[in-house]
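K.L.:
Quick one: the structure is below, questions incoming.
The values are calculated or read from the model by the stated rules, or taken from the named source; none is laboratory data. Just so it is clear, the structure is predicted and the values come from calculations on it, not from any experiment. Neighbour counts are summed over all protein chains in view; Cβ atoms, including those assigned to glycine, are modelled from backbone coordinates with ideal geometry. For the accessible areas, the whole protein counts, side chains as well, though only heavy atoms, and no ligand, DNA or RNA atoms are used. Shrake-Rupley method; radii C 1.70, N 1.55, O 1.52, S 1.80 Å.
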Amino acid sequence: MTLAVQIRQHGGPEELQIVDVQVGDPGPGEVRIRHHAVGLNFIDVYHRTGLYPLSMPAGIGMEAAGVIEAVGEGVTHLKAGDRAAYASQPPGSYCEVRVMPAKCVCRLPDAIGFETGAAMMLKGLTAQYLLKKARPVEGLEPGDYVLFHAAAGGVGLIACQWARTLGLRLIGTAGSDAKCQLVLDNGAAHAINYAKEDFAARVKEITGGKGVKVVYDSVGKDTWDKSLDCLRPFGLMASFGNASGPVPPFAPGMLGAKGSLYVTRQTLFSHIATREATQAMADDLFAVVESGQVKIHIAQRYALTDVQQAHRDLEARKTTGSTILTLP
């Protein structure tokens, strides 16, 4: 028997229960992995609340790092004893040991610790596809301005550093002066405290009235309308989350009126649909982390048994950078 977190109905943090589960052997295309650390992400809140519904009872959690205990038939890229990390469907990483599909599990380089691996896979791969693949029709070149909401979060701090290595001038938004300073310390060209300033007006001021080529937005409802006003003609609105709630329906004609804009709703799991794509993206992430160009900031650690408090703090926006759950 091993410890795991489950929910039996959608709801608040109190629905997260520690249970004993039986873990068997991996089947074809699967691995059994013993976790050393588990990552916490806002998508976990969406699963818990039912914004992204799950069949009950359900496991929670999308990323972790540990050691492979056994591999099933057909798994050739991993073997027992390998250090590994992943961001993967289905949910269920909040546990000590699990059996799961091997497709999105990658060998973790020896130079990267388990806690770092657990903290960076979902967030780092998200930053990778946003900056490298979710690009405006006119492309991105060194010197271009981009706007990144919630820039003091786990994805945001990685994106700030990675954008700097690409020569992009990232404008980050955050909800306090302290978070804005953190954004600047991690490579953003500008930071905007949206609790004090009109971020759309400030973006226009920074860009000399031209606007940005792309807005990366995981906030959703609260930032949507003004974000469109931040874009230059033919700019891209890249939505990848709903921290403030889902974006309400809008008339496509408004995109024409605002400058023939493009809109996309991205999800990591479209980008890591194959073993080859997952490994290529992970290799890119591992390289920038091993080089020191991108550092993974683990600002909070909670014991797995304190998972309810971890969710409360995440939803209250008390966290910065990456958060991990530690194991006994």
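K.L.:
Points 7 angstrom from Cα along the Cβ direction at THR274 and MET56: gap in nanometres?
P.N.:
Here the modelled spin labels are 3.9 nm apart.
K.L.:
In debye to the nearest 20, how big a dipole does the chain give about its Cα centre with +1 on each Lys and Arg Cβ and -1 on each Asp and Glu Cβ?
P.N.:
Using only the charged Cβ atoms, the result is roughly 660 debye.
K.L.:
Follow-up question, since we're still on this one. Kindly express, to the nearest 10 degrees and within the range 0 to 90, the angle between helix 275-290's C-alpha long axis and the longest C-alpha principal axis of the chain.
P.N.:
70
K.L.:
Right, here's the next one. Checking the cross-link filter: which lysines have an alpha carbon closer than 16 Å to that of LYS295, excluding same-chain neighbours under 8 positions apart?
P.N.:
Correct list for LYS295: LYS123.
K.L.:
Obtain the nm distance between the two label points defined at ALA178 and ALA201 by a simple spin-label model: each point lies 7 Å from its Cα along the Cα-to-C-beta direction.
P.N.:
Result: 2.7 nm between the two label points.
K.L.:
Name the shape class, rounded, prolate or oblate, that the alpha-carbon gyration tensor gives for segment 179-291, where a ≥ b ≥ c are the square roots of its eigenvalues, rounded holds for a/c under 1.5, and otherwise prolate holds if a/b is larger than b/c and oblate otherwise. Walk me through the intermediate numbers first.
P.N.:
Values: a/c = 1.89, a/b = 1.29, b/c = 1.47.
Oblate.
K.L.:
In addition: Find which of PRO136, GLY208, ALA64 sits farthest along the positive direction of the dipole of the chain, computed with +1 on the beta-carbon of Lys and Arg, -1 on that of Asp and Glu, about the Cα centre.
P.N.:
The residue sitting farthest along the positive end of the dipole is GLY208.
K.L.:
Taking the alpha-carbon centroid of each part, what is the distance from segment 152-215 to segment 236-273 in angstrom?
P.N.:
19
K.L.:
If you don't mind, there's one more thing I want to ask. Quick check: from the Cα gyration tensor, does segment 21-123 come out rounded (a/c under 1.5), prolate or oblate?
P.N.:
Note, shape of segment 21-123 comes out oblate.
K.L.:
Follow-up. Between LYS295 and ASP222, what is 0.36 nm times their sequence separation minus the Cα-Cα distance? Round to one decimal in nm. Write down the numbers at each step before the final one.
P.N.:
Working: separation 73, 0.36 × 73 = 26.28 nm, distance 2.91 nm.
Full-extension gain reported as 23.4 nm.
K.L.:
If the only charges are +1 at each Lys and Arg Cβ and -1 at each Asp and Glu Cβ, what is the size of the charge dipole of segment 1-46 around the Cα centre, to the nearest 20 debye?
P.N.:
My answer is approximately 100 debye.
K.L.:
Computed from the mean reciprocal separation of all distinct C-alpha pairs, what Kirkwood hydrodynamic radius does the chain have, in Å?
P.N.:
20.2
K.L.:
Another question, if that's okay. To the nearest 10 square angstrom, how much accessible area does ASP306 have with a 1.4 angstrom probe?
P.N.:
80
K.L.:
If you don't mind, there's one more thing I want to ask. Which of GLY153, LEU78, VAL23 sits closest to the plus end of the dipole of the chain, meaning its Cα is farthest towards the positive end, when Lys and Arg get +1 and Asp and Glu get -1 on the C-beta?
P.N.:
In the chain, that residue is GLY153.
K.L.:
Same structure again: DSSP beta bridges in the chain, what fraction antiparallel, as a percent rounded to 5?
P.N.:
Antiparallel bridges: around 55 percent, rounded to the nearest 5.
K.L.:
Remind me, relative contact order of segment 138-286 in percent, using alpha carbon pairs under 8 angstrom and six or more residues apart? If you can, show how the numbers build up before the last one.
P.N.:
Numbers: 268 pairs, mean separation 25.9, N = 149.
Worked out over segment 138-286, it gives 17 percent.
K.L.:
I'd like the accessible area for LEU166, computed on protein heavy atoms only with a 1.4 Å probe and all protein chains in place. Round to 10 Å², please.
P.N.:
Accessible area, nearest 10 Å²: 60 Å².
K.L.:
To the nearest 10 square angstrom, how much accessible area does PHE114 have with a 1.4 angstrom probe?
P.N.:
50
K.L.:
Return the whole-Å distance between the Cα centroid of segment 19-40 and the Cα centroid of segment 67-121.
P.N.:
The two parts, judged by their Cα centres, are 9 Å apart.
K.L.:
By the gyration tensor of its Cα atoms, with a ≥ b ≥ c the square roots of the eigenvalues, what is the shape of segment 156-245: rounded for a/c under 1.5, prolate for a/b over b/c, or oblate?
P.N.:
Rounded.
K.L.:
Put a dot 7 Å past each Cα toward the Cβ at ASP185 and ARG317; how far apart are the dots in nm?
P.N.:
The two pseudo-label positions are separated by 2.0 nm.
K.L.:
With every protein chain left in place, what is the accessible area per residue of segment 1-106 in square angstrom, probe 1.4 Å?
P.N.:
For segment 1-106, the solvent-accessible area averages 39 Å² per residue.
K.L.:
Hey, which aspartates and glutamates would be in cross-link range of LYS258, C-alpha to C-alpha under 12 Å, not counting anything within fewer than 8 residues on its own chain?
P.N.:
LYS258 reaches ASP225, ASP229.
K.L.:
Projected onto the charge dipole of segment 162-234 (+1 at Lys/Arg Cβ, -1 at Asp/Glu Cβ, origin at the Cα centre), which of LEU168, CYS230, ILE192 gives the Cα projection farthest towards the positive end?
P.N.:
Farthest along the dipole direction, towards plus: LEU168.
K.L.:
Mean-square fluctuation check for the chain, GNM, Cα pairs under 10 Å: which of LYS213, LYS123, LYS204 is largest?
P.N.:
LYS204
K.L.:
Based on the Cβ-Cβ distance of THR267 and LEU166, what FRET efficiency does E = 1/(1 + (r/R0)^6) give at R0 = 22 Å, to the nearest 0.05?
P.N.:
0.50
K.L.:
Continuing with the same structure: For ASP284 and ALA80 in the same chain, what is the full-extension length gain: residue separation times 0.36 nm, less their Cα-Cα distance, in nm?
P.N.:
Working: separation 204, 0.36 × 204 = 73.44 nm, distance 2.44 nm.
Once the chain is fully extended between ASP284 and ALA80, it gains 71.0 nm.
K.L.:
Next question. Express the carbon and sulfur contribution to the solvent-accessible surface of the chain as a percent, rounded to the nearest whole number, probe 1.4 angstrom.
P.N.:
Summing carbon and sulfur atoms, their accessible area is 51 percent of the total for the chain.
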